[in-house]
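What follows is one structure encoded as C-alpha coordinates, with my remarks underneath.
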Amino acid sequence: MPEIRFDAAAETVAVIDGYCSATGKCRTAVINALLDQWAKQKLHEARVVVRVAGDKPVVVDQERRK
(Lines give C-alpha, C1' and ligand atoms only; values in the text may rest on other atoms or scores of the structure.)
Protein backbone atom coordinates (compact mmCIF):
# COMPACT_ATOMS: atom_id res chain seq x y z
CA MET A 1 0.00 0.00 0.00
CA PRO A 2 1.43 3.45 -0.86
CA GLU A 3 2.28 5.74 2.01
CA ILE A 4 0.81 9.25 2.05
CA ARG A 5 2.13 11.98 4.31
CA PHE A 6 0.49 15.37 4.72
CA ASP A 7 -0.01 18.19 7.17
CA ALA A 8 -3.43 18.56 8.75
CA ALA A 9 -4.93 21.22 10.96
CA ALA A 10 -4.38 20.51 14.64
CA GLU A 11 -8.12 20.83 15.28
CA THR A 12 -8.87 18.19 12.63
CA VAL A 13 -6.37 15.76 14.09
CA ALA A 14 -7.73 16.42 17.58
CA VAL A 15 -11.25 15.49 16.47
CA ILE A 16 -10.00 12.33 14.76
CA ASP A 17 -7.94 11.39 17.81
CA GLY A 18 -10.89 12.06 20.11
CA TYR A 19 -13.09 9.88 17.93
CA CYS A 20 -10.48 7.14 17.98
CA SER A 21 -10.17 7.34 21.76
CA ALA A 22 -13.94 7.17 22.18
CA THR A 23 -14.43 4.27 19.77
CA GLY A 24 -11.18 2.35 20.18
CA LYS A 25 -10.49 2.64 16.45
CA CYS A 26 -7.07 3.23 14.92
CA ARG A 27 -6.32 6.68 13.46
CA THR A 28 -4.95 5.12 10.27
CA ALA A 29 -8.06 2.99 9.82
CA VAL A 30 -10.35 5.98 10.33
CA ILE A 31 -8.46 8.16 7.85
CA ASN A 32 -8.31 5.28 5.33
CA ALA A 33 -12.07 4.80 5.65
CA LEU A 34 -12.67 8.53 5.07
CA LEU A 35 -10.39 8.56 2.01
CA ASP A 36 -11.97 5.39 0.65
CA GLN A 37 -15.47 6.84 1.04
CA TRP A 38 -14.38 10.08 -0.69
CA ALA A 39 -12.71 8.19 -3.55
CA LYS A 40 -15.79 6.00 -4.11
CA GLN A 41 -18.00 9.11 -4.23
CA LYS A 42 -15.69 10.83 -6.73
CA LEU A 43 -15.60 7.69 -8.90
CA HIS A 44 -19.40 7.56 -8.84
CA GLU A 45 -19.58 11.25 -9.84
CA ALA A 46 -17.15 10.68 -12.71
CA ARG A 47 -19.14 7.69 -13.96
CA VAL A 48 -22.36 9.72 -13.90
CA VAL A 49 -20.72 12.54 -15.85
CA VAL A 50 -19.43 10.11 -18.48
CA ARG A 51 -22.82 8.41 -18.67
CA VAL A 52 -24.60 11.73 -19.17
CA ALA A 53 -22.03 13.57 -21.29
CA GLY A 54 -20.70 10.53 -23.10
CA ASP A 55 -17.10 9.49 -23.29
CA LYS A 56 -16.34 12.08 -25.99
CA PRO A 57 -17.66 15.45 -24.74
CA VAL A 58 -16.22 17.26 -27.78
CA VAL A 59 -19.51 19.05 -28.40
CA VAL A 60 -19.41 20.51 -24.92
CA ASP A 61 -15.83 21.69 -25.47
CA GLN A 62 -16.75 23.29 -28.79
CA GLU A 63 -19.76 25.07 -27.26
CA ARG A 64 -17.51 26.62 -24.58
CA ARG A 65 -15.17 28.05 -27.20
CA LYS A 66 -17.93 30.05 -28.93
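Take D36: with every protein chain present and a 1.4 Å probe, its accessible area is about 70 Å².
Each residue of the stretch 20-33 was assigned a 3J(HN,Hα) from its phi angle through the Karplus expression (A = 6.51, B = -1.76, C = 1.60, θ = phi - 60°), giving 5, 5, 6, 9, x, 8, 7, 4, 4, 5, 5, 5, 4, 5 Hz with x at Gly and Pro.
To put it simply, the accessible area of the stretch 1-59 at a 1.4 Å probe is 62 percent carbon and sulfur.
The values are calculated or read from the model by the stated rules, or taken from the named source; none is laboratory data. Quick caveat, the model's predicted, so the values are computed rather than measured. What goes into the accessible areas is simple: the full protein's heavy atoms, side chains included, and nothing from ligands, DNA or RNA. Shrake-Rupley method; radii C 1.70, N 1.55, O 1.52, S 1.80 Å.
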